[in-house]
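Just below is one structure, and these are the notes that go with it.
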Amino acid sequence: MSDRPVTTTRPPAGGGGFGRGPFGGAGMPAEKSMNFGPSMRRLMGRLSPERPRILAVIGLAVISVVFAVVGPKILGHATDLIFSGVIGNRLPAGTTTEQAVQAARAAGDDNFAALLARMDVVPGRGIDFGALGTVLVWVLALYVAASVFSWLQGYLLNDAVQRSVFRLRADVEDKLNRLPLKFFDGQPRGELLSRVTNDIDNVSQTLQQTLSQLLTSLLTVIGVLAMMFVISPLLALIALVTIPLSMVVTAQIAKRSQKFFVAQWANTGTLNAHIEEAFTGHELVKVFGRQPEVEQVFRDRNEELFKASFGAQFVSGIIMPTMMFIGNLNYVVIAVVGGLRVATGSMSLGDVQAFIQYSRQFTQPLTQVASMANLLQSGVASAERVFELLDAEDQSPDPADPVPPTSRRGRVEFEQVSFRYDPEQPLIEDLSLVAEPGHTVAIVGPTGAGKTTLVNLIMRFYELDAGRITLDGVDITAMRRNDLRSHIGMVLQDTWLFGGTIRENIAYGNPGATEEQIQAAARATFVDRFVRTLPDGYDTVIDDEGNNVSAGEKQLLTIARAFLADPSLLILDEATSSVDTRTEVLVQHAMAALRSDRTSFVIAHRLSTIRDADLILVMDAGRIVEQGTHDELLATRGAYHRLYSAQFSGALVPGDGEVSGEEVTGVRG
Amino acid sequence: MLSRLLRTYLRPYSSTLTAVVVLQLIGTIASLYLPSLNADIIDRGVATGDTGYILSAGGWMLAVSLVQIACSIAAVYYGSRAAMGFGRDVRSAVFHRVGGFSAREVAQFGAPSLITRSTNDVQQVQMLVVMTCTMLVAAPIMGVGGIVMALRQDLGLSWLMLVCVPALLVSIGLIVSRMVPQFRAMQDRIDAVNQVLREQLTGIRVVRAFVREGEETRRFAAANDALTGTALRVGRLTALIFPVVMLILNASSVAVLWFGASRVDSGEMQVGALTAFLMYLMQILTSMMMATFISMMIPRAAVCAERIVEVLDTESSVSPPRDPVRQVHGRAELELRDVEFRYPGAAAPVLSGISFRVTAGQTTAVIGSTGAGKTTLVSLVPRLFDATSGTVSVDGVDVRDLDPQMLWTRIGLVPQKPYLFSGTVASNLRYGNPDASDEELWEALEVAQARDFVEAMPEGLEAPIAQGGTNVSGGQRQRLSIARALVSRPEIYLFDDSFSALDLATDARLRAALRPHTAQAAVVIVGQRVSTIADADQIIVLDDGVIVGMGTHDELLDSCPTYIEIVESQLTAGSAA
């Protein structure tokens, strides 16, 4: 049974993990940030290395918005020119404008007179195409410039964001290397993985989507509003009313839809969880005849999800038409009031047209800012989760004045070592032992006895609570961790290989190894044989599916990896289950090859493999309850003897530990 | 595939969808009418100074706006309804289909893939339906309507549309077509970065043990570099879209004014019409732009639809009998006669010529190396697979003729990978027998050597179990899974390598406790350890899918070389060093 600390230290009911784990409510994706303001500032702070770019972006955005905003005003001049031409055409040539105004007054058409008086009309002359052409060329130039600046701004902002996200990822990866293993034990792996992948992706997307739009939207609102006031303070005030109006309306709708969205995500979660269980446990659902119940639960949850997502979609879908309606309302009022003012001559037609264009430009960014609020919330919540990871406490630094690495003989001594994962739960108390150079020390004992913990302490994956461990007389805390670990080879129960070729995986322990060295290690550990049967040989890529390489062969690869690293101290955690018997023999031989002339710690599951050990430690509840050689321990008829008998249930244990080849036939049930 | 999926599952919503189209039509016509009214205000009101007309036209505009919002909201209502209903129905269809699958189809797709298909993939297609109902439907109406209205204002300027609309479509198309392959690359790069991180997290002990932090950081930096490079390219292209679109829109309005001016000057067109034309052109171009962006969703949704349809089109290889047998004689008995199993198209069978019988009170053990076909053999009994030839019979009846519910209540399976469902210890134990009393549960726990640790949990039987049973250790999971099979009191027990995660002492105690409990049942134990199976009444030695030895431990030690090899490997490997 696996007795890695994760299973031994967490309360069996799970969930809580370590009380002092830094992440409260781990596993629950945060929907809302807890500290929006400070986290947002910190996220923005991460952009500070890009300060020159960001300043340029702001400058460019201002210029481009100013140009884009001035455009319609000038375009309005063009409309005025056309309108004047039309009116001018209607008036008899040769008269002056004043005469025309007076003629209109005389005809009792006061409005038209006022309109005329305000216009720049030459009676009898049509549209001044020269002037119109000049205006239009100016406008076009302005628009081209606005687009170019806007593009440059987007380009630079994108660069700044991507570089910042790049640094954020690198920082997180770097942090992973500095965190103590204790930290990882307290976290569900999936949760942590989700932080370093999904949350960072979310931050990156949020920054990309919101930053540029938020900036231009805000600037546009300001710029447009300014232009509106320049053209007509009265109309501008009318338009201004739409801001609080649209804000209130959006906030009201968003508040209602938020409820549905929360329900939608909650229901999606429960439905997905149900689907996941039903599909993963598919055969059990079938064999236990639970298909009808499972379908019923699915139908209920599916219906719940339908209701919630329909509500969310509908209520949030109302925002767009409503904002459009407010925009139209604005449009109607401006058309009417503007029309009246043009008719009375207090405003030009071009200005009204420009104003209508402005009011259109005005509502759009407002809607955008409103819709972005949600996105920003979720992005900052993700950023917060990443920051929590970055803020977690590092492992203690290496000593400032480390003992330099020298060639080691591999004498290991535990001096009154105490250690516990959970401060409440004692594990290893006051343990002392000595492993002489070249000796094999086997550790046996029931699950949870602390066998794996012992080797974790030698590797200095965890810090001791009391006592010390020495390697050739040097306290391991006086060395750099990397110097210590490069002396130790480890073969673990979980055969961790990374996505790469077989050659790369073997060379993992010794990146500088030559091809000959790799193949020699492979031959010594029986890897060469099966690798040659693979079509791509050493270039076979190990992938997640791992269909091409069996569990036992993977085990052999990890042994080859340790062999190539050529350590002076070895730690072997015997993996046994689901390795077929023939490969098993090879694994045993390979491990034996690896052990020769090296100090080795072997965590044994199968007692038959450790009879030759120089020292067998029988552990129970964090203590060494017996130690000695195989023969000595059998003779004392204690815990080891009990374990040994249980292994061959009902079997006759040959008297006085007389173990020989004949034992095979002596076993029967 | 996408269209087939949509056709099939949107059919029940055809009237709802018709309502959406009609509503969008009215709404669009209403919003197209506004610039026309505005033109009237200018031409008939402003130009002539008729304030009364301005006010009444303004009233009309208001009324039209109200119609527009009413239609839009109603369209959103029906559109959301149809889209979410579609999603619900497709999810349900996929779930039901997978429920009927045999282990072969589940293995063929893989459980994670099936989960993604019934959740994320459905969501993608559903999103496309939502967007289509609320926005995409309106685009062609707006486009065609806008063109009609604009031409009504002035025919002479219509050639401008022929320039502006294609110019917009071509330039967006050019940018987007460059982005699509980058998007795909981007996804691959994100996966690559995530894979490195995943490996670092899962292999953190190995990384540190081999002092490879530096190398891992370099590996990560390379993946991060590649991702950032692609993200930069995608971002730069994205940054191009908005300025280009704005430029085309703005240049179009300049062109309208310039070319319109001469038509106004010659009296062929009125000023108000010019303003209206301008508005229409903007509306047409905006709707084209929206349509293009939404269309970008289609390729992705199409891939998802394909994956969904693939599941829906797969027939289960195990179908329930048409005329099921519901009466059997009461004695527990399992018999395999000349059974062969091969995967479709596979050259070699996984199992062939398998015949043996297990009767009540007997234990049969199956041993053999990985890949020998042990798990497949066990799976044939509850019809997770069907034998390709030969027969598997339970209580004298071919399993293919038995009523499935009846078959399953007769079988207690403890799978190789013990899986627990989320809930409590009790809810898991009662999985096969909802009526079991607490005493029965404790009894089963006792036999499965799980009583101690369940008692140690503060909530006891009500202790929560996380999905998959990840909050208990592998050995505890295995023992709970054994207890679960015991609670349902089956006639036939199938233990598929169910003791592998137990230490030897626990394994021995468990098997001893099991014996009286299963005295009336037929028991099949698949094992790796000789000690686990040595006391079985009959041991079957499998090698490469065929039986190479059958008999008791002693008989096999005398006669079966493969068995001897297995036994020796487990007893002497240590001393071979």
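All of the numbers you see were taken from the coordinates with simple rules; none came from a lab. The structure displayed is predicted, hence computed values, not measured ones. Positions of Cβ are generated from backbone atoms using ideal geometry, with glycine treated the same way; all protein chains shown enter the neighbour counts.
The charge dipole of the stretch A:233-346, taken about its Cα centre with unit charges on the Cβ atoms of Lys, Arg (+1), Asp and Glu (-1) only, comes to about 600 debye.
Cβ-to-Cβ counts within 10 Å put A:LYS175, A:LYS286, A:LYS554 in ascending order as A:LYS175, A:LYS554, A:LYS286, the fewest first. Long hydrophobic helices in chain A: the complete DSSP H runs spanning 27 Å or more by Cα along their own axis with mean Kyte-Doolittle hydropathy of at least -0.5 are A:51-90, A:129-178, A:200-231, A:233-280, A:319-343, A:349-391. Across the stretch B:138-153, coupling constants 3J(HN,Hα) worked out from phi with the 6.51/-1.76/1.60 Karplus curve, θ = phi - 60°, read 5, 4, x, 4, 4, x, 5, x, x, 5, 4, 5, 5, 5, 5, 5 Hz, and Gly and Pro carry x.
Overall size of the stretch A:233-346 from C-alpha positions, given as principal axis extents largest first: 87, 18, 17 Å.
Computed from Cα positions, the angle between helix B:51-100 and the longest principal axis of chain B comes to roughly 20 degrees. Run through the stretch A:315-418 and list the GluC sites (Glu not before Pro) located in a DSSP loop whose Cβ has at most 16 other Cβ atoms within 10 Å. In loop regions of the stretch A:315-418 (DSSP not H, G, I, E or B), the sparsely surrounded GluC sites (Glu not before Pro) are A:GLU393. Dividing the radius of gyration of the alpha carbons in the stretch A:144-206 by their Kirkwood radius gives 1.23 for Rg/Rh. Distances between placed amide hydrogens fall under 5 Å for A:ILE542 paired with A:GLY500, A:THR501, A:ILE502, all partners being 5 or more residues away or on another chain. For A:LEU570, the residues 5 or more places off, or on other chains, whose built amide H falls under 5 Å of its own are A:GLY489, A:THR599, A:SER600, A:PHE601. In this simple spin-label model, placing a label point 7 Å from the Cα along the Cα-to-Cβ direction at both A:ALA593 and B:LEU151 gives a separation of 8.3 nm. Among A:TYR421, B:TYR563, a tally of other beta-carbon atoms within 10 Å of each Cβ gives an order, fewest to most, of A:TYR421, B:TYR563. Phi angles of the stretch B:448-463 translate, via the Karplus equation with coefficients 6.51, -1.76, 1.60 and θ = phi - 60°, into HN-Hα couplings of 7, 6, 10, 4, 4, 6, 5, 5, 6, 6, x, 8, x, 4, 8, 4 Hz per residue; Gly and Pro are given as x. Assuming R0 = 41 Å, what is the FRET efficiency of B:ARG509 and A:SER418, from their Cβ-Cβ distance, to the nearest 0.05? In this case the efficiency is close to 0.80.
Here the residues B:CYS133, B:CYS71, ranked from fewest to most Cβ neighbours within 10 Å of their Cβ, fall in the order B:CYS71, B:CYS133. Remark: mean inter-chain Cβ contacts per residue of B:221-233 equal 4, using a 10 Å Cβ-Cβ cutoff to other protein chain atoms.
In units of the rule-of-thumb radius 2.2 N^0.38 Å, chain A shows an alpha carbon radius of gyration of 1.50. Sorted from longest to shortest, the spans of the Cα atoms of the stretch B:333-576 along the three principal axes equal 52, 51, 34 Å. At the listed q of 0.14, 0.20, 0.21, 0.27 Å⁻¹, the Debye profile of the stretch B:227-288, built from one uniform point per Cα, gives log10 I(q)/I(0) equal to -0.53, -0.78, -0.82, -1.05. Since only A:PHE279, A:VAL249, A:LEU305 are under comparison, the one whose Cα sits farthest along the positive direction of the charge dipole of the stretch A:182-336, derived from C-beta charges on Lys, Arg, Asp and Glu, is A:VAL249. FRET efficiency for the pair A:ASP536 and A:ASN482, taken as 1/(1 + (r/R0)^6) with r the Cβ-Cβ distance and R0 = 30 Å, rounds to 0.35. Couplings 3J(HN,Hα) of the stretch B:423-438, computed from phi: x, 10, 4, 5, 5, 6, 5, 7, 4, x, 8, x, 8, 4, 7, 4 Hz, in residue order, whole Hz [Karplus 6.51 cos²θ - 1.76 cosθ + 1.60, θ = phi - 60°; x for Gly and Pro]. Beta bridges from DSSP with both residues in the stretch B:333-576: antiparallel share about 55 percent, rounded to the nearest 5. Scaled against the 2.2 N^0.38 Å expected of a compact globular protein of N residues, the Cα radius of gyration of chain B reads 1.44.
Between B:THR51 and A:ARG41, the FRET efficiency estimated from the beta carbon spacing at R0 = 60 angstrom works out to 0.65.
Counting Cβ atoms of other protein chains within 10 Å of each Cβ in B:558-567 and taking the mean gives 2. Beyond 28 Å between alpha-carbons counts as too far, so tell me which of A:LYS554/B:LYS417; A:LYS451/B:LYS417; A:LYS175/A:LYS259 fall in that bin. Beyond 28 Å: A:LYS175/A:LYS259. The listed peptides B:236-243, A:82-89, ordered by packing as a protection proxy, come out as A:82-89, B:236-243 (highest mean of other Cβ atoms within 10 Å first).
Amide H to amide H distances under 5 Å link B:THR424 with B:ILE465, where only residues 5 or more positions off or on other chains count and H is placed in the peptide plane. Relative to the longest principal axis of the C-alpha atoms of chain B, give the angle of the C-alpha long axis of helix B:14-40, reported between 0 and 90° and rounded to the nearest 10°. Here the helix axis deviates by roughly 20 degrees.
In this Cβ point-charge picture (+1 for Lys and Arg, -1 for Asp and Glu), the protein assembly as shown has a dipole of about 4600 debye about its Cα centre. If you restrict to DSSP beta bridges whose two residues both lie in the protein assembly as shown, what percentage is antiparallel, to the nearest 5? Rounded to the nearest five, the antiparallel share is 55 percent. Hydrodynamic estimate: the Kirkwood radius of the protein assembly as shown over Cα pairs, inserted into Stokes-Einstein at 37 °C and 0.692 mPa s, corresponds to D of 92 µm²/s.
Using the alpha-carbon positions of the stretch B:175-302, Rg (one decimal) and Dmax (whole number) come out as 25.5, 88 Å.
Taken residue by residue and averaged, Cβ atoms of other chains lying within 10 Å of the Cβ of A:197-206 number 2.
To the nearest ten degrees, helix B:213-265 and the longest principal axis of the Cα atoms of chain B are 20 degrees apart.
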